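The values are calculated or read from the model by the stated rules, or taken from the named source; none is laboratory data. Treat the numbers as computed from the prediction; the structure is a model and nothing was measured. All Cβ positions, even for glycine, are placed from backbone atoms using ideal geometry, and neighbour counts span all protein chains on display. When the accessible area is computed, the model is the full protein with side chains, heavy atoms only, and any ligands, DNA or RNA have been set aside. Shrake-Rupley method; radii C 1.70, N 1.55, O 1.52, S 1.80 Å.
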Amino acid sequence: MFTIEETKMNESHLLHSRYYLNQLIRLIFDMPLTIENLAILKDPQFVSLCEISEGCRLIEKATHSIQAEDDETLQLLQEEYKRLFIGPNALPAPPWESVYLGKEHLLFEEVTLEVRECYRQYGLSFIREGIEPDDHLVIELEFLSFLIQKTIESDDVVTKKKLLEHQHSFLSNHLLRWCHAFCELLSKSTSFELYQGAALLLEEYLNLENELIPALNEAL
């Protein structure tokens, strides 16, 4: 059995690992790859993840040769990001929950308002609310990251348990309900290992969260 101190150390490690994984995935989906944000993929923590994560290994394989900002591989990856997530053509794997779960499979449906209400419970709102949908993958992950950070910062067991419950509720009611379909579409829509790896890593992360959050809550 763990001592109280060991349990707290293990809990802290898991929370910080969850936060790091969330940050890594958001980075890849939030913007085209640059030399500056490539640094996170050279972090020792990422190198360690490559030993246990197939998604990370694909990402590492796709980026290990990038050395300079004008590198041809980097330019190709940036162009692929724009094709997948910006346009101008129809996006092959739209990164919005409402496209998958809405009645008409359109943006700004009822599910968008449900996600917005989750944010508002914590006094949060999307900076581009009403202009862009609040249920974008990156925004939903950022909200989950916010809850993880609050859990890390809290010293109160009751508060921690409540935050963990809200994390699992948001995961179950939103991210887990649509991201599998998104990841499947993304994997089929690109031949670039970076984004195939990102789709796989996202699935790995969400499945891990679904196991870890209840386990952490039970351990408190």
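Observations on the structure shown:
- Only a single item in (1) touching a residue at least 60 places away in the same chain (Cβ under 8 Å); (2) open to solvent by 50 Å² or more (accessible area, probe 1.4 Å); (3) not charged (D, E, K, R) is not met by Ile25, and it is number (2).
- In the stretch 135-170, the residues that are of a type in the set (Ser, Thr, Tyr) and open to solvent by 10 Å² or more (accessible area, probe 1.4 Å): Ser154, Thr159, Ser169
- Flag if Tyr122 is open to solvent by 30 Å² or more (accessible area, probe 1.4 Å), more than 19 Å from the chain's Cα centre (by Cα) and not basic (Lys, Arg): yes
- Meets criteria (under 30 Å from His64 (Cβ atoms), under 17 Å from the mean Cα position of the chain (by Cα) and of a type in the set (Val, Ile, Thr)) for Val138: yes
- Only residues that are crowded, with 18+ Cβ neighbours inside 10 Å and part of a helix (DSSP H, G or I) were counted in the stretch 186-202, giving 10.
- Lone qualifier among Leu113, Leu107, Leu147, Leu175 - being more than 17 Å from His16 (Cα to Cα) and at pLDDT 95 or above: Leu175
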